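Reading through the C-alpha cells given below for one structure.
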Amino acid sequence: MARPRKPLLSRDRIVGAASALVDAEGLDAVSTRRLAAVLGVSGPSLYNHFRNKEEILDAVADAVSAQVDLSMFEESDPRDWREALHDWALSYRAALAAHPHIVPVLARGPGRRPAGLRVADAVFGAMVGAGWPPAQATRIGALMRYFITGSALGSFAGGFVDDETAYDPADYPHLGQAHLLADHRRQVDEGAFETGLRALLDGLAIQYEQYARPVGDDAVTVRPAPNRP
C-alpha cells in the first residue's frame with residue numbers, strides 16, 4: 001500500500017504555521033528550526049520560500065493586514081470619509097485583537113508588504129478623494145495607525161490586578177474599584193477605543209471645515225491649512 005504523501009511545502013503553509021505559533025506563544029517562538037519541526041520538513045527547505053525569520057514574520061503580519069475590511073473606501077460605497085474611517089478602524093482593531101502578538105511588527109509600518117500597502121493606499125486615496133489635501137491625508141493615515149496599533153499593544157483594564165488589597169485607600173483614594181477592571185476587560189477596552197475614536201473623528205471633522213468645503217453638488221474646493229505655531 002502506498003504511503004500517503006506529505007502536503008507540499010508552500011508559503012501559505014509556512015505562514016499558517018508561523019501565525020499559529022505567534023498567536024500561541026509570541027514572536028520569540030518562531031524560528032526556522034521550530035517551523036521545520038512543526039511542518040515535518042528539513043530546515044533548509046524553508047529557505048526556498050523565505051530568506052530568514054524576519055521575512056516570515058513580515059508575511060504573518062501581512063496576512064493579518066489582509067483581514068482588514070477596505071470595502072468602505074470603494075468609490076461605490078455610500079459612506080462618507082468619517083464613517084469610512086470609523087468602520088475601517090473597528091475592522092483593523094478587530095484583526096489586531098485576534099492576533100495581538102504580531103502587533104509590534106505591524107506597528108513598524110507596511111514596508112514592502114502588499115496587503116499593508118493596499119491598506120495605506122485605500123486610506124490615503126479615500127481621504128484625498130474626500131477633499132483633504134495630500135499632506136493632511138498622509139497625516140490622517142499616520143494618526144489612525146498610531147491610534148489603532150497603540151490600542152492593540154496592551155489592555156488598560158488588564159493592567160490592574162484583581163486583588164483589592166493592592167489598592168490601599170490611604171495611598172490610592174480613587175482606585176477602590178480598580179481590582180474589578182480585569183473582570184470587565186473587554187467592555188472597558190472596547191469602550192475606551194470607541195470613545196477615543198469618536199473624539200478623534202470629531203476633531204478631524206472640525207479641521208475638515210478648514211481644509212475643504214463643498215461647492216455646488218459635487219465639487220470640492222481645497223483650502224490651505226491656516227498657519228499655526
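Rule-based calculations on the coordinates, nothing more; no lab input. Note that the structure is predicted; figures quoted are calculated from it, not measured. Positions of Cβ are generated from backbone atoms using ideal geometry, with glycine treated the same way; all protein chains shown enter the neighbour counts.
Mind running the shape call on the range 78-134? Use the C-alpha gyration tensor, a ≥ b ≥ c as the square roots of the eigenvalues: rounded below 1.5 for a/c, prolate if a/b tops b/c, oblate otherwise. It is oblate, given that a/c is not under 1.5 and a/b is not larger than b/c. Centroid-to-centroid, using Cα positions, the range 124-144 and the range 83-121 are 16 Å apart. With the charge dipole of the chain set up from +1 on Lys and Arg Cβ and -1 on Asp and Glu Cβ about the Cα centre, the Cα lying farthest toward the positive end among the listed residues Ala205, Ala192, Leu46 is that of Leu46.
Peptides 60-70, 104-114 ranked from most to least packed by the mean count of surrounding Cβ atoms within 10 Å: 60-70, 104-114.
Taking a point 7 Å from the Cα of Ala97 along the Cα-to-Cβ direction, the residues of the range 143-157 with backbone N closer than 18 Å to it are 145-157. Computed from the coordinates I sent, Rg and Dmax of the Cα atoms in Å equals one of [x] 21.0, 70; [y] 17.7, 56; [z] 22.4, 80. Tell me the label. Checked against the structure: label [z].
Take each uninterrupted DSSP H stretch in the chain, measure its Cα extent along the helix axis, and return the ones at 24 Å or beyond whose mean Kyte-Doolittle hydropathy is at least 0.0. Provide the component values of the computation, followed by the final result.
Working: long enough: 81-98 (26 Å, -0.05); 134-152 (27 Å, 0.33); 185-211 (38 Å, -0.51).
Correct list, ordered by number: 134-152.
Given axes a ≥ b ≥ c from the Cα gyration tensor, I'd like to know whether the range 39-168 is rounded (a/c under 1.5), prolate (a/b larger than b/c) or oblate. Since a/c reaches 1.5 but b/c is at least a/b, the shape of the range 39-168 is classed as oblate.
Go through the range 1-94 and name the GluC sites (Glu not before Pro) that are in a DSSP coil and have 15 or fewer other Cβ atoms within 10 Å of their Cβ.
On the way: sites: Glu25, Glu54, Glu55, Glu74, Glu75, Glu83; in loops: Glu74, Glu75.
Filter output for the range 1-94: Glu74, Glu75.
Summing +1 for each Lys or Arg and -1 for each Asp or Glu, what net charge is found among the other residues whose Cβ lies under 10 Å from the Cβ of Leu90? Intermediate results must be reported in sequence, preceding the final value.
Numbers: positive: Arg93; negative: Asp69, Asp87, Glu190, Glu194.
Summing Lys and Arg as +1 and Asp and Glu as -1 gives -3.
Counting Lys and Arg as +1 and Asp and Glu as -1, each charge on the Cβ, what is the dipole of the chain about the Cα centre in debye, to the nearest 20? Provide the component values of the computation, followed by the final result.
Numbers: 24 positive and 29 negative charges, 281 e Å.
Dipole magnitude for the chain comes out near 1360 debye.
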